[in-house]
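To start, the structure under review is shown below, and the notes come after it.
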Amino acid sequence: MIMDVAANEIQAIRLAAQALERGEVIAIPTETVYGLAADATNERAVVRIFEVKRRPSFNPLICHCSDLDMVSEYAILDPVSLRLAKAFWPGPMTLVLKSNPEHRLPSRTTAGLETVAIRIPAGFSNELIRSFGRPLAAPSANISGKVSATAAAHVRDDFGDEVPLILDGGPTEIGVESTILMVKDGGVELLRPGGLPIETLQPVANVPISARTFEGRLLAPGMLKSHYAPRATVRLEATEVRRGEALIKFGSDTVPGEADCPHVFNLSPRGDLAEVAAALYAALKLADEVGVSEIAIVPIPISGLGLAINDRLSRAAAPRGLSPDEAVLGRL
Ligand code: AMP
Ligand code: MG
């Protein structure tokens, strides 16, 4: 069932909390992408997330909390993490923190690690967690390796009735997943670029920010494993569109070949990267629906949200045919 959150938010929260209490997996809107959520403290419910999503069990889940008190029950906040938390939560930032040894989440949630990835989301999902009273483990609401869901219909397309309750909060505001950070050796390590740009968090962190594989540059797509992938192949840095391709672009410039291309998706005519991020996944899914075998995508700058956009596109363009396990291993 798809339930419109705006029509009756109180009813939506009540139904969702009841389903979570029963140990069910439900789909919820967050400001980044839709999440496949279950009670993070209920091991059987968490196992069900992995089954429904076909996610390898060694890939830990992000636990979503409503406030810092809830975070502190399960994790220990070092001073730099606390500064980031106060500045950017609720928001599109995930912190990998030391687990609180007195109150650990089930090992299926954290994949048996001594750390736990935590985020405080904004909006409806925050209200739901507050009302439910416990953290929600929630990866993106898509089948492992596919493009993340940014609308309720995307969730239904991937899972059908396997997810009995899908809460529809409209299209997600940010449209890419959270930025994942870990404070380590006096610095901040970027584990995944995302909805919170590095340029925004740098002055607050006020310590060096490093990236294990990023170093501020894009990796060659060939070095990456496929993920966030549509069915069609993806051709990046396209300076022209070829016969039979769909085109994803932004801005007002005309791309050579565009006049003959029946499937042009302009993600932001005014060239705003936040609009590009918000519209990207829906455009990849639409390009698949029109049945093209290749999607040409114009170059996108790597500053601000462009870093996360380019990261996802590089993975979407990476070689196919890998097992889901290999695909996940290839992620940042
Ligand atoms: P997803 O739920 O698909 O948005 O991805 C969550 C990401 O968080 C995965 O890439 C995980 O590897 C990462 N993650 C979750 N928990 C931890 C942790 N304890 N340490 C490091 N990375 C984590
Ligand atoms: Mg995901």
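Report the paramagnetic label zone for ASP253: residues of segment 278-303 whose backbone N is under 19 Å from a point 7 Å from Cα along the Cα-to-Cβ axis.
Taking a point 7 Å out along Cα→Cβ of ASP253, the residues of segment 278-303 whose backbone N falls under 19 Å are 296-303.
Quick check: from the Cα gyration tensor, does segment 117-169 come out rounded (a/c under 1.5), prolate or oblate?
It comes out prolate by the Cα gyration axes.
Taking N as the number of residues in segment 1-138, what value does Rg over Cα atoms divided by 2.2 N^0.38 Å take? Walk me through the intermediate numbers first.
Numbers: Rg = 14.2 Å, N = 138, 2.2 N^0.38 = 14.3 Å.
Output field value: 0.99.
What is the extension gain from ARG242 to ASP4, computed as 0.36 nm multiplied by their sequence separation minus the C-alpha to C-alpha distance, in nm to one decimal?
Full extension from ARG242 to ASP4 adds 81.7 nm.
Compute the whole-percent fraction of alpha carbon pairs in the chain spaced more than 34 Å apart.
Looking at the chain, the distances longer than 34 Å represent 21 percent of pairs.
Using the Karplus curve 6.51 cos²θ - 1.76 cosθ + 1.60 with θ = phi - 60°, what ³J(HN,Hα) values do you get for each residue of segment 33-38, in whole Hz, with x for Gly and Pro?
Once rounded to whole Hz, the list reads 9, 5, x, 9, 10, 8.
Let me have the 222 nm mean residue ellipticity of the chain computed from DSSP H runs of 4+ only, each contributing -39500 (n - 2.57), with the sum over all residues rounded to the nearest 500. Kindly include the intermediate steps, with their values, before the conclusion.
On the way: 11 runs with 104 residues, N = 332.
Estimated from H runs of four or more residues: -9000 deg cm²/dmol.
Scan around VAL183 for amide H atoms under 5 Å from its own, H built in the peptide plane at 1.01 Å from N, and keep only partners 5 or more places away or cross-chain.
VAL96, GLU189
Mind jotting down the distance between the C-alpha centroids of segment 93-112 and segment 133-180, whole Å?
So the two Cα centres are separated by 22 Å.
Would you calculate the separation in nanometres between label points at ILE209 and SER72, each defined as 7 Å from the Cα along the Cα-to-beta-carbon direction?
For the pair ILE209/SER72, the computed spacing is 2.7 nm.
Jot down the per residue volume, in cubic angstrom and as a whole number, of the convex hull over the alpha-carbon atoms of segment 57-138.
Details: hull volume 6.9 nm³, N = 82.
It is 85 Å³ per residue.
Full extension from LYS184 to ARG270: what is 0.36 nm times the residue separation minus their Cα-Cα distance, to one decimal in nm? Don't skip to the end; give the middle numbers.
On the way: separation 86, 0.36 × 86 = 30.96 nm, distance 3.89 nm.
Length gained between LYS184 and ARG270: 27.1 nm.
What is segment 34-99 by shape, rounded, prolate or oblate, if you read a ≥ b ≥ c off the alpha carbon gyration tensor as root eigenvalues and call it rounded for a/c under 1.5, prolate for a/b larger than b/c, and oblate otherwise? Numbers along the way, then the final one.
Values: a/c = 2.21, a/b = 2.03, b/c = 1.09.
Prolate.
Given axes a ≥ b ≥ c from the Cα gyration tensor, I'd like to know whether segment 223-303 is rounded (a/c under 1.5), prolate (a/b larger than b/c) or oblate.
On the way: a/c = 1.40, a/b = 1.04, b/c = 1.35.
Taking the square roots of the gyration eigenvalues as a ≥ b ≥ c, segment 223-303 is rounded.
Quick one: if you stick a label point 7 Å off each Cα along the C-beta vector at GLU162 and SER57, how many nm between them?
So the two model labels end up 1.7 nm from each other.
Where nothing but the Cβ of Lys and Arg (+1) and of Asp and Glu (-1) is charged, how large is the charge dipole of segment 1-149 around its Cα centre, in debye to the nearest 20? Write down the numbers at each step before the final one.
On the way: 16 positive and 15 negative charges, 88 e Å.
Roughly 420 debye for segment 1-149.
Going by how many other Cβ atoms sit within 10 Å of their own, how do HIS103, HIS64, HIS227, HIS263 line up, fewest first? Intermediate results must be reported in sequence, preceding the final value.
Numbers: HIS103 11, HIS64 27, HIS227 23, HIS263 18.
Going from least to most buried by this count: HIS103, HIS263, HIS227, HIS64.
No lab work stands behind these numbers, since they all come straight from the coordinates. Model, not experiment: these values are computed from the prediction. Here the Cβ is made from the backbone with ideal geometry for all residues, glycine too, and neighbour counts use every protein chain on show.
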